[in-house]
Amino acid sequence: MKIQAPKGTRDILPSEIHRWQYVSNVFAGLCDCFGYKEIRIPVFEHTELFQRGVGDTTDIVQKEMYTFDDKGGRSVTLRPEGTAGVVRSYIENGMYSLPQPIKLYYDITAYRYENVQKGRYREFHQFGVEALGAAGPEIDVEIISILYMFFEKLGLKQTGLNINSIGCPACRKPYLEKLKEYFRPLLNTLCADCNNRFEKNPLRIIDCKNEGCKRFIEGAPLQLDNLCDECRIHFAGLKAGLENLGINYKIDSKIVRGLDYYTRTVFEFVSEKGGSQGTICGGGRYDGLVEMCGGPSVPGIGFALGVERLLMELDIQGVTIEEPQAPDIYIATLGQKAVDLAMDMVYKLRGCGVKAETDLMGRSLKAQMKYADKKRFSYTIVIGDDEIEAGKGVLKDMRTGDQKDVSLDSVVDRLKNQVKERDAAAR
RNA sequence: GUGAGCUUAGCUCAGUUGGUUAGAGUGCCAGGUUGUGGCCCUGGAGGUCGUGGGUUCGAUUCCCAUAGCUCACCCCA
């Protein structure tokens, strides 16, 4: 069998790595401004964490987890998302006794076993943020504003924000009864999936895409219209907070979110043209999760953003990310003495932060020049026996083709300064 | 889990109505007389035509199976 990357995984190659590094850096910089610190959590956790944290009735837990027994007979699972692991770490490391709220972000891979298609992979990348300890709508607004500013910084203009409230345990119970009452007489006309959902998670019926079911969903009671006073006030606070910052949103009363732990605020950022995988980012409040995972009763809110989908959206909206700066100087050599000298020179230059290379293939001068050209070096220096004897090298500007002699003693210092000045000017 | 399309060189693709050594462009390597890139020219390396089986004198081509890729459903990032 030919060895190749497993289904649903892919290499991020040197030719595209700058796009990934760019969005990661922008995200990290922004989180830093907002006072969020990076957390790095394990790629795998005990399976039980996700069963409890993500929810037994979710598709993720029921059919999408990469679960296996390790050699000690423990069942472990590759993380299908980041929140559960962060919450586990919050509890395990006693973060509730640090100044609250705890504000964290992460840049991770996640794993779900499902059929691949556009914008969906088995190994995929997420940027995420979690804020624990704050219950009011202000933190909801802050979390959403991170994303809003992030998209703005990246130059994404057609990315819409949808928000909803799915209530708390107190108001969800009577609502679910109401919902079931509504759907009960319709059960034999609803699809098989919905019949399944009816007992396990009736909320998800509202999300059904089946045309036959959609007709009835239109008239179904919505959680948004059946919130308790506290939830209603919270949602009003969220809306007012977003308006205060000038953040546009739409209320989408059908957002449910596929994970069990969400309470009250749920939201997503969607692409206008992204097609079936148009959700770039999803998030919400999870006030019961920490307690459910064995910690104290602490409220939380967060989001996860799909990096693959973000990069797709940048393409769709025509946002290009510039290639990193070209390398500075290539030292072309003729003869062993020149090779030795060049090795010493590039070593010194690199020590000063200058991007320098020399021949490692024993190639002809012409081939070396071709290499320098293809790799887009700004300058080359040619060194041969003549130059060493004269203590001079030929410095060539690869853009203009101009050449001049330079003293080999001073050239390292001169280049160093030149690059420093250029970098300062760029800033 | 279900359905559709695709699979020939590193990449993008031709092609063979079944018949000797399977092609182009691009990329890579080397040359185009003394020590200089880009344009141009020449040459070279590189393919068990996804894999396994069947039909046939003969299969890269036809048939079947299988894997992978791509897309869609479900669901999600």
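Each value in this text was obtained by applying a stated rule to the coordinates, not by laboratory testing. Owing to the predicted nature of the structure, the values given are computational and were not obtained by experimental measurement. Ideal geometry is used to build each Cβ from the backbone, glycine not excepted, and the neighbour counts take in all protein chains shown.
For the range A:284-349, how big is Rg over Rh, using alpha carbon atoms and the Kirkwood form of Rh?
1.48
So how much slack lies between A:Val26 and A:Asn93, counting 0.36 nm per residue of separation and subtracting their Cα-Cα distance, in nm?
So the extension gain works out to 21.3 nm.
Looking at the range A:57-141, which trypsin sites (Lys or Arg not before Pro) are in a loop (DSSP not H, G, I, E or B) and have at most 13 other Cβ atoms within 10 Å?
A:Lys71, A:Arg74, A:Lys118
Hey, what do the phi angles of the range A:161-171 turn into as Karplus ³J(HN,Hα) couplings, whole Hz, using 6.51/-1.76/1.60 and θ = phi - 60°, x for Gly and Pro?
These are the phi-based 3J(HN,Hα) values: 9, 10, 10, 7, 10, 10, x, 10, x, 5, 8 Hz.
May I ask you to evaluate 6.51 cos²θ - 1.76 cosθ + 1.60, the Karplus curve with θ = phi - 60°, for each residue of the range A:214-220 and list the ³J(HN,Hα) values in order in whole Hz, giving x for glycine and proline?
Values, residue by residue: 4, 4, 7, 5, 3, x, 5 Hz.
Using 7 Å Cα-to-Cβ label points, what is the A:Gln325/A:Glu291 separation (nm, one decimal)?
Spacing of the two 7 Å Cα→Cβ label points: 5.4 nm.
Determine the shape class of the range A:106-188: with a ≥ b ≥ c the square roots of the Cα gyration tensor eigenvalues, call it rounded for a/c under 1.5, and otherwise prolate if a/b is greater than b/c, oblate otherwise.
It is oblate, given that a/c is not under 1.5 and a/b is not larger than b/c.
Tally the DSSP beta bridges in chain A and give the antiparallel ones as a percent, rounded to 5.
Roughly 80 percent of the beta bridges in chain A run antiparallel, per DSSP.
Take the alpha carbon atoms of chain A, find their radius of gyration, then divide it by 2.2 N^0.38 Å using N residues; give the quotient.
Its radius of gyration relative to the 2.2 N^0.38 Å reference: 1.29.
Counting residues in the range A:147-236 as N, plug N into 2.2 N^0.38 Å and put the Cα Rg over that result.
1.35
Given a cut-off of under 8 Å on Cα pairs at least six residues apart, what relative contact order in percent is computed for the range A:329-416?
Details: 128 pairs, mean separation 28.1, N = 88.
That works out to 32 percent.
Round to the nearest 0.05 the FRET efficiency obtained for A:Ser364 and A:Lys63 when R0 = 60 Å and r is the Cβ-Cβ distance. Can you show the working numbers first?
Values: r = 59 Å, r/R0 = 0.99.
Step by step, r from the Cβ atoms, then E = 0.50.
Hey, what did the range A:139-293 get for relative contact order, percent, Cα under 8 Å, at least 6 apart?
35 percent.
What spacing in nm lies between the two simple spin-label points modelled at A:Arg120 and A:Glu421, each 7 Å away from Cα in the Cβ direction?
Taking the simple label geometry, A:Arg120 and A:Glu421 are separated by 5.7 nm.
Take peptides A:182-190, A:162-170 and line them up by average Cβ neighbours within 10 Å, highest first, as a rough protection proxy.
A:162-170, A:182-190
Using 1/(1 + (r/R0)^6) with R0 = 60 angstrom and r between the beta carbons of A:Asp225 and A:Glu389, what's the FRET efficiency to the nearest 0.05? If you can, show how the numbers build up before the last one.
Details: r = 89 Å, r/R0 = 1.49.
Efficiency, rounded to the nearest 0.05: 0.10.
For A:Lys404 and A:Ile251, calculate 0.36 nm times their separation in residues minus their Cα-Cα distance, and state this gained length in nm to one decimal.
Gain on stretching A:Lys404 to A:Ile251: 48.5 nm.
Ignoring solvent entirely, what values of log10 I(q)/I(0) come out of the Debye formula for the range A:329-416 at 0.12, 0.13, 0.18, 0.22 Å⁻¹ when each Cα is a single scatterer?
Evaluating at q = 0.12, 0.13, 0.18, 0.22 Å⁻¹ gives log10 I(q)/I(0) of -0.29, -0.35, -0.70, -1.10.
For the range A:329-416, give me the percentage of DSSP beta bridges that are antiparallel, rounded to the nearest 5 percent.
Bridges in the range A:329-416 are about 55 percent antiparallel.
Just to verify a number: FRET efficiency for A:Lys180 and A:Arg74, C-beta to C-beta distance, R0 = 45 Å, to 0.05?
0.70
List the longest stretch of chain A that has no exposed loop site; here a site is one of the GluC sites (Glu not before Pro) assigned by DSSP to anything other than H, G, I, E or B, with at most 10 other Cβ within 10 Å.
A:1-217
Below 8 Å, C-alpha to C-alpha, sequence gap of six or more: please give me the relative contact order for chain A in percent.
After rounding, I find 15 percent.
Can you list the trypsin sites (Lys or Arg not before Pro) in the range A:234-286 that are in a DSSP coil and have 11 or fewer other beta carbons within 10 angstrom?
A:Lys273
So for the pair A:Ala170, A:Ala236, with labels modelled 7 Å out along Cα→Cβ, what separation do we get in nm?
1.5
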